[in-house]
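Reviewing the structure listed below.
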Amino acid sequence: MDINEICSEIVRTVDAALGCAVVDLNSGLLLGVSHNVPYFTQSYLDAVAAAAVDMFRGRTISAVEDMIANMRGNSKAHLVKEVQMTTENTFHFMMIVPDKPDALVVLVTSRKANLGMGWASLRRVVPQLTPLCP
């Protein structure tokens, strides 16, 4: 099974799922994607991927991570592992793939989705995604 097929399985099996993607946090490129929304054009998907990169690796979050590392006397680390975002009509579940710190899986659902099921679906497929991510 490849990344696109795993994303497609999530979209098929999660009630109210609109789309799922895996994003490379270094480049912002989509490693895999599946959706069932006609207006999710390639330019829209690329913009959402870039926004996700900003949330996890953007200048502001990097500055905060630097401050925390300095305050604690540690080396800098990427601290944000999961983000849940709610818009007027959607839920976005975003999770770093464990053991692949530069791979982010994103699930977008309508607000009819059960929040617990959204997270559970991502956690269920992570073992399948891990060996496929750079």
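Identify unpaired cysteines across the chain, taking unpaired to mean no other cysteine Cβ lies under 4.7 Å from the residue's Cβ.
If one checks each Cβ against the other cysteines of the chain, 133 turn up with nothing under 4.7 Å.
Which order do peptides 77-83, 123-129 fall in by mean Cβ count within 10 Å, highest first?
Ranked from most to least packed, the peptides come out as 123-129, 77-83.
Taking only C-alpha pairs under 8 Å that are 6+ residues apart, what is the relative contact order of the chain in percent?
Once normalised by length, the contact order is 27 percent.
Against the longest alpha carbon principal axis of the chain, how many degrees, from 0 to 90 and to the nearest 10, is the axis of helix 115-129 turned?
Roughly 80 degrees between the two axes.
Between residue 76 and residue 114, what is the label-to-label distance in nm when each label sits 7 Å out along the Cα-to-Cβ direction?
4.2
If we count other beta carbons within 10 Å of each Cβ, what is the order of 13, 87, 109, fewest first?
Sorted ascending by nearby Cβ count, the order is 87, 13, 109.
So if I average 1/r over every pair of distinct C-alpha atoms in region 3-132 and take the inverse, what Kirkwood radius in Å does that give?
Taking every pair of different Cα atoms in region 3-132, averaging 1/r and inverting gives 15.1 Å.
In what sequence do 94, 1 fall when counting other Cβ within 10 Å, fewest first?
If I rank by nearby Cβ atoms, fewest first, I get 1, 94.
So what are the ³J(HN,Hα) numbers for region 36-52, from phi and the Karplus equation (6.51, -1.76, 1.60; θ = phi - 60°), rounded to whole Hz, Gly and Pro as x?
10, 10, x, 7, 7, 6, 4, 5, 5, 4, 5, 5, 5, 4, 5, 5, 5
Helix 59-72 versus the longest principal axis of the chain: what is the Cα-based angle in degrees, 0 to 90, to the nearest 10?
Once rounded, one gets 50 degrees.
Working out 0.36 nm times the residue gap between residue 87 and residue 59, then minus their Cα-Cα distance, what length gain in nm do you get to one decimal?
7.8 nm
Once label points are set 7 Å from the Cα along Cα→Cβ at both residue 39 and residue 2, what is their separation, rounded to one decimal in nm?
Using points 7 Å along Cα→Cβ, the separation is 3.0 nm.
With n ≥ 4 as the cut-off for DSSP H runs, can you work out [θ] at 222 nm for the chain, using -39500 (n - 2.57) per run divided by the number of residues, rounded to the nearest 500?
-13500 deg cm²/dmol, from helical runs alone.
If you fit an axis through the alpha-carbon atoms of helix 3-13 and take the longest principal axis of the Cα set of the chain, what angle between them do you get, 0 to 90°, nearest 10?
Approximately 60 degrees, to the nearest ten.
No lab work stands behind these numbers, since they all come straight from the coordinates. Just so you know, these numbers come straight off a predicted model, no measurement behind them. As a convention, Cβ positions derive from the backbone with ideal geometry for all residues, glycine included, and neighbour counts pool all protein chains shown.
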